[in-house]
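Q: The structure is given below, and queries will be raised subsequently.
The values are calculated or read from the model by the stated rules, or taken from the named source; none is laboratory data. Remember, predicted model here, so these are calculated numbers, not experimental data. In this analysis, Cβ positions are derived from the backbone assuming ideal geometry, glycine residues included, and neighbour counts consider all displayed protein chains.
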Amino acid sequence: MKLTIAESIEPTPAAAWDRLAGDNPFLSHAFLSALEHHQAVGGESGWEPRYLLGHQDGRLVAAVPMYLKHHSWGEFVFDWAWANVYERNGLAYYPKLVIATPYTPVPGARLLMEDRNDPQTAAQLISYIINYAETEQVSSLHCLFLDQIDDQRLAQQSLMARADTQYHWVNHDYEDFDAFLAQLASRHRKKVKRERRRVSEANITVQLLHGNEITDEQWQNFYRFHCVTYLKRGHQTPFTIDFFREIGHTMAASIMMVVAQKDGKDVAAALNFVNSDTLYGRYWGCHGDYHSLHFEVCYYRAIDYCITHGLKRFEAGAQGEHKLIRGFYPTTTHSRHWIAHPGFREAIQKAVSYEQQDLARYQEMLCRYLPYKNQQS
């Protein structure tokens, strides 16, 4: 296998890349190339593409979505404290290498291979990546939101483990939304019904649209809501309206938007991505302040969609303890890290070990507050 680094995904044929990426929409050629087209990666974004490509007899048989990073924004595995320690000691933490789907805290494969059960190819990829990190003299390598297979393979190379908590809804073959509600303890079931009722009492209607059904006006409204959400958090979105227009066209089959309207005008929207078994909630925004509308648009309609379409799970994004009482399970996410400096490597490993102990206690506590009948607090 011949391994090379590419600074753009454009020269790689979409069909060849997607054959390795599977049906994860955030690993698709369409998504990653749209990020490049609209400078969410590359340019002045602080995300410099360094795609690792493996060819055998002219055929793409392996790939890794890798980036040279000059900051820690858009990763969702927080290492600001590590960067601050480096700075206080007069050392440069940036640039660093990150293996991830940009701006997307969705677990999945990162070592994309024609044969995922081939340990030799995986070991060759990992060895090349670490050698590349050493050659480029980066401070560190971060492999984010790994699936179980890649997490175990990176563990064999002694990369240190970190974990965090997300909240995922699981479809236990519910017949309909009411069947899901029936599994909740009475007070939680009443809360969900009350929140949904508040939306209808406000004369707000909600519709679900797939990518090819979304008008340009609705994309513009969604983008306006999306920008306001970022600004409320003190940030600017890394995306442009044309980025969303592009994926709305190239990824239409993978996109589902929930739109809320009042008096005939859009007042809120949530953008979701879908594959064969999972719905991914990604971006949301609202114009105005409507009681419980966020829960209806971002969670309840999405859960109903999963049940209707037989999807197995709904991943509603990073963080959010408020999801717990609405039926989402605490779910562990995994990352692996390599630190070049031996002294910092040892210190960070100790800190991560304490972090892991705290996380275990935290998740144990969370499970006591699941809203289901057989797990009442």
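Q: Quick one: residue 239 ticks every box in (1) at pLDDT 95 or above; (2) out of contact with any Lys or Arg (no Cβ under 7 Å at 6 or more places or on another chain); (3) aromatic (Phe, Trp, Tyr); (4) part of a helix (DSSP H, G or I) bar one, so which box is it?
A: The one condition residue 239 does not meet is (4).
Q: Moving on to the next point. Restricting attention to segment 1-28, and to residues there that are surrounded by 20 or more Cβ atoms within 10 Å (Cβ to Cβ) and touching an Asp or Glu at 6+ places or on another chain (Cβ under 9 Å), which single residue is farthest from residue 238 (Cα to Cα)?
A: 20
Q: In segment 311-359, how many residues are of a type outside the set (A, V, I, L, M, F, W, C), part of a helix (DSSP H, G or I) and assigned by TED's automatic domain parsing to the domain that holds residue 154?
A: Counting residues in segment 311-359 that are of a type outside the set (A, V, I, L, M, F, W, C), part of a helix (DSSP H, G or I) and assigned by TED's automatic domain parsing to the domain that holds residue 154 gives 12.
Q: Against the condition surrounded by 14 or more Cβ atoms within 10 Å (Cβ to Cβ), free of Cβ contacts under 8 Å to residues at least 40 places away in the same chain and either touching a His at 6+ places or on another chain (Cβ under 8 Å) or among the small types (Gly, Ala, Ser) (or both), how does residue 248 come out, does it pass?
A: Considered against the rule, which asks whether it is surrounded by 14 or more Cβ atoms within 10 Å (Cβ to Cβ), free of Cβ contacts under 8 Å to residues at least 40 places away in the same chain and either touching a His at 6+ places or on another chain (Cβ under 8 Å) or among the small types (Gly, Ala, Ser) (or both), residue 248 comes out as yes.
Q: Let me ask something else about it. Does any residue of segment 242-257 turn out to be among the β-branched types (Val, Ile, Thr) and more than 18 Å from residue 38 (Cβ to Cβ)?
A: No, the conditions are met nowhere in segment 242-257.
Q: Then there is this: Which of the residues spanning segment 224-242 are without any contact (Cβ under 8 Å) to a residue 40 or more places away in the chain and buried (at least 17 other Cβ atoms within 10 Å of the Cβ)?
A: Residues satisfying the conditions are 237, 241.
Residues checked against (1) touching a Pro at 6+ places or on another chain (Cβ under 9 Å); (2) under 24 Å from residue 29 (Cβ atoms); (3) touching a residue at least 60 places away in the same chain (Cβ under 8 Å); (4) not assigned by TED's automatic domain parsing to the domain that holds residue 51:
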{"position": "67", "(1), (2), (3), (4)": "yes, yes, no, no"}
{"position": "91", "(1), (2), (3), (4)": "no, no, yes, no"}
{"position": "108", "(1), (2), (3), (4)": "no, yes, yes, no"}
{"position": "121", "(1), (2), (3), (4)": "no, yes, yes, no"}
{"position": "126", "(1), (2), (3), (4)": "no, yes, no, no"}
{"position": "143", "(1), (2), (3), (4)": "no, yes, yes, no"}
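Q: Would you confirm whether or not segment 149-156 contains a residue that is more than 30 Å from residue 243 (Cβ to Cβ), crowded, with 22+ Cβ neighbours inside 10 Å, in contact with a strand residue (DSSP E or B) (Cβ under 9 Å, 6 or more places away or on another chain) and of a type in the set (A, V, I, L, M)?
A: Yes: segment 149-156 contains one or more residues that are more than 30 Å from residue 243 (Cβ to Cβ), crowded, with 22+ Cβ neighbours inside 10 Å, in contact with a strand residue (DSSP E or B) (Cβ under 9 Å, 6 or more places away or on another chain) and of a type in the set (A, V, I, L, M).
Q: Within segment 107-148, can you find the residues that are surrounded by fewer than 16 Cβ atoms within 10 Å (Cβ to Cβ) and of a type in the set (Ser, Thr, Tyr)?
A: Listed by number, the residues that qualify are 127, 135.
Q: Has segment 114-121 got any residue that is farther than 16 Å from residue 337 by Cα, among the basic types (Lys, Arg) and part of a strand (DSSP E or B)?
A: Within segment 114-121, none of the residues are farther than 16 Å from residue 337 by Cα, among the basic types (Lys, Arg) and part of a strand (DSSP E or B).
Q: Out of 348, 325, report the one residue that is more than 22 Å from the chain's Cα centre (by Cα) and either surrounded by 16 or more Cβ atoms within 10 Å (Cβ to Cβ) or of a type in the set (Asp, Glu) (or both).
A: Residue meeting the stated conditions: 348.
Q: Moving to a separate point now. So residue 178 clears everything in (1) without any contact (Cβ under 8 Å) to a residue 60 or more places away in the chain; (2) assigned to a loop (DSSP other than H, G, I, E, B) except one condition, right? Which one?
A: Among (1) without any contact (Cβ under 8 Å) to a residue 60 or more places away in the chain; (2) assigned to a loop (DSSP other than H, G, I, E, B), the lone unmet condition for residue 178 is (2).
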